[in-house]
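Have a look at this one.
The values are calculated or read from the model by the stated rules, or taken from the named source; none is laboratory data. Not measured: the values here are computed from a predicted model. Note that each Cβ is placed from the backbone with ideal geometry, even for glycine, and that neighbours are counted across all protein chains shown.
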Amino acid sequence: MDLESLLRKKLEKTKKIPDDELLEMEDDLYKLHLKEYGVDLSEETKPSIPRFFYRLPRDNEPLRQKLREETRSSFLDRKSRQLLDNAELKALWALLDEHQTSPDDHMITYANFKKVVELADPKVKLYLTANVFAKLHENDPQGRVSTISLFNYIMRKVWLKQTRVGLSLYDTTGLGYLREAELENYISELLPVLPQLEGLEKSFHSFYVCTVVRKFMFFLDKLRAGRVRILDVLACSFLDDLLELRQNEVGIERSESNWFSAPSALSVYGNYLNLDKDHNGMLSLEELSRYGTGTLTQPFLERVFQTCLTYKGEMDYKTYLDLVLALENRSEPQALAFLFKILDLNDSGYLDAFTINYFFRAIQEQLRDADLVIFEDFKDELFDMVKPKNPDRITLSDLYACGKGETFVSILIEFQAFLNYEYRDTSSNPTQE
């Protein structure tokens, strides 16, 4: 019998068998072959897929919501009790001081480190591991570690865990994120424990909180989802700058450079009020044109109002803060992304010769006849500066890679920045004559 006849005969037999039985036969045959290879898929040994998604309680499920809140509260309370208090930290320092090699160098050997681990409180032992000792070792010929570095490391770990627990208390969903309103609540309740803010009037508190929160949201909410990860808040330096306000005295220069300080926040808000000539609490395009040196180009300002959130054609304080953060931190990736979106006329993801010419025309109109720049030369210089992968397009990735994104965007959006760049190699500047 040939192959064709055998196949036809087999097909006729299978046609008479119901589909569900065919599936069972296929499954049994599959298990039989697996068993031959030593794999047992019986119900007792079948691996179970772990559950990875837990639905949040709905608004109409108050019992589930209450259970979730109580569970999270109990969990965070348990984590809080695991933290070291001042007495335990003092006891740890006493042990380190007792077992250091000499009172002068504040160093400890690994043998003495193990003795400290044996004598330390069980809560402290969690921080005193061999990995920690190895991380803090700095090429000491005797293999020792600084007791001061070790203690500061443990202090920092305790502070991070304590802060994480504190931030998690405001995370209503328990997903590790803080929404803008939750972050505002955290900052508002933090104000009374910051001595440097005692002089702020209560009427300014809401504006101060807004000023603080906008920096967190601008730099940490990369997807503009209206929330920031708690881990990102802990990893960045913003929280350190904010909690620096707990110190009673800070230098004037440091205070002015700290975005969260009272002088800095008052300065930012004061500039906003000075721009608001009609005192309606909002900024029009004409009012914003006086920002900084007053040399932001008209096309850029128009694009700002087209791209950013406005109310009846005017800008509120939150949007103004985003713009200020972008203009004052042009070298940062988040600021470059913010400004690039404004420059990208067609939302195409790249800037071409047409787009560059659109912004360049406003600069050329302000130049004197003797200082006119040919567009082709200007365009070629910008493309040479960025060196994009595609010779006809400049993407945001190209600006990140070239390391000169700040200069690139400044030339396109600000007349004064263009002049500074154009006359960077000469002592004569048209604005100084």
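Tell me, which residue of segment 297-321 that is touching a Phe, Trp or Tyr at 6+ places or on another chain (Cβ under 8 Å) and farther than 23 Å from residue 350 by Cβ is modelled with the lowest pLDDT?
Checking each candidate, the answer is 313.
Also, quick follow-up: For residue 115, state whether it is touching an Asp or Glu at 6+ places or on another chain (Cβ under 8 Å) and outside any loop (DSSP other than H, G, I, E, B).
No, not satisfied.
Taking segment 127-150, which residues are closer than 19 Å to residue 83 by Cα and free of Cβ contacts under 8 Å to residues at least 12 places away in the same chain?
129
What tally of residues in segment 147-185 results from selecting those that are touching a strand residue (DSSP E or B) at 6+ places or on another chain (Cβ under 6 Å) and over 18 Å from residue 221 (Cβ atoms)?
Residues meeting the conditions: 1.
Would you point out the residue of segment 226-244, among those that are farther than 14 Å from residue 176 by Cα and not hydroxyl-bearing (Ser, Thr, Tyr), that is farthest from the chain's Cα centre (by Cα)?
244
Would you pick out the residues in segment 208-219 that are under 18 Å from residue 267 (Cβ atoms) and free of Cβ contacts under 8 Å to residues at least 40 places away in the same chain?
Across segment 208-219, the qualifying residues are 209, 213.
Here's another thing I want to ask about it. Quick check, is residue 382 out of contact with any helix residue (DSSP H, G or I) (no Cβ under 6 Å at 6 or more places or on another chain) and part of a helix (DSSP H, G or I)?
yes
Only one of (1) part of a helix (DSSP H, G or I); (2) under 22 Å from residue 341 (Cβ atoms); (3) touching a residue at least 40 places away in the same chain (Cβ under 8 Å) fails for residue 222. Which number is that?
If we test residue 222 against (1) part of a helix (DSSP H, G or I); (2) under 22 Å from residue 341 (Cβ atoms); (3) touching a residue at least 40 places away in the same chain (Cβ under 8 Å), just (1) comes out false.
Find the residue count for segment 196-231, including only residues that are touching a strand residue (DSSP E or B) at 6+ places or on another chain (Cβ under 6 Å) and acidic (Asp, Glu).
1
Conditions: (1) of a type in the set (A, V, I, L, M); (2) part of a loop (DSSP other than H, G, I, E, B); (3) surrounded by fewer than 15 Cβ atoms within 10 Å (Cβ to Cβ). Residue 160 meets all but one. Number of the miss?
For residue 160, the exception is condition (2).
Kindly check whether there is at least one residue in segment 197-209 that is touching a Lys or Arg at 6+ places or on another chain (Cβ under 9 Å) and not basic (Lys, Arg).
no
Now for a different question. Would you tally the residues in segment 309-326 being of a type outside the set (A, V, I, L, M) and surrounded by 18 or more Cβ atoms within 10 Å (Cβ to Cβ)?
Within segment 309-326, residues that are of a type outside the set (A, V, I, L, M) and surrounded by 18 or more Cβ atoms within 10 Å (Cβ to Cβ) number 5.
Among the residues of segment 388-416, count how many are without any contact (Cβ under 8 Å) to a residue 40 or more places away in the chain and part of a loop (DSSP other than H, G, I, E, B).
The number of residues fulfilling the criteria is 5.
Follow-up. Residue under question is residue 246, and the condition is that it be of a type in the set (Lys, Arg), within 21 Å of residue 189 (Cβ to Cβ) and in contact with a strand residue (DSSP E or B) (Cβ under 8 Å, 6 or more places away or on another chain); does it hold?
Spelling it out, it is not the case that residue 246 is of a type in the set (Lys, Arg), within 21 Å of residue 189 (Cβ to Cβ) and in contact with a strand residue (DSSP E or B) (Cβ under 8 Å, 6 or more places away or on another chain).
Separate question: How about segment 21-60: which of its residues are acidic (Asp, Glu) and at pLDDT below 75?
Selection gives 40, 43, 44.
What is the one condition in (1) out of contact with any Lys or Arg (no Cβ under 9 Å at 6 or more places or on another chain); (2) closer than 23 Å to residue 337 by Cβ; (3) not hydrophobic (A, V, I, L, M, F, W, C) that residue 405 does not satisfy?
It is condition (1) that residue 405 fails.
Could you tell me how many of the residues in segment 173-207 are in contact (Cβ under 8 Å) with a residue 60 or more places away in the chain and either at positive phi or not aliphatic (A, V, I, L, M) (or both)?
The qualifying residues number 6.
Tell me which helices (runs of 4 or more DSSP H) are completely within segment 245-305 and hold 3 or more residues being in the same structural domain as residue 211 (by TED's automatic domain parsing) and within 28 Å of the chain's Cα centre (by Cα), or say none if there are none.
Of the helices (runs of 4 or more DSSP H) lying wholly inside segment 245-305, those with at least 3 residues that are in the same structural domain as residue 211 (by TED's automatic domain parsing) and within 28 Å of the chain's Cα centre (by Cα) span 252-257, 262-275.
So that you can scan it fast, the table gives a plain yes or no per residue for (1) surrounded by 15 or more Cβ atoms within 10 Å (Cβ to Cβ); (2) farther than 28 Å from residue 125 by Cβ; (3) of a type in the set (D, E, K, R):
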| site | (1), (2), (3) |
| --- | --- |
| 54 | no, yes, no |
| 70 | no, yes, yes |
| 89 | yes, no, no |
| 103 | no, no, no |
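Just wondering, is there one or more residues in segment 171-183 that are assigned to a helix (DSSP H, G or I) and more than 24 Å from residue 68 (Cα to Cα)?
no
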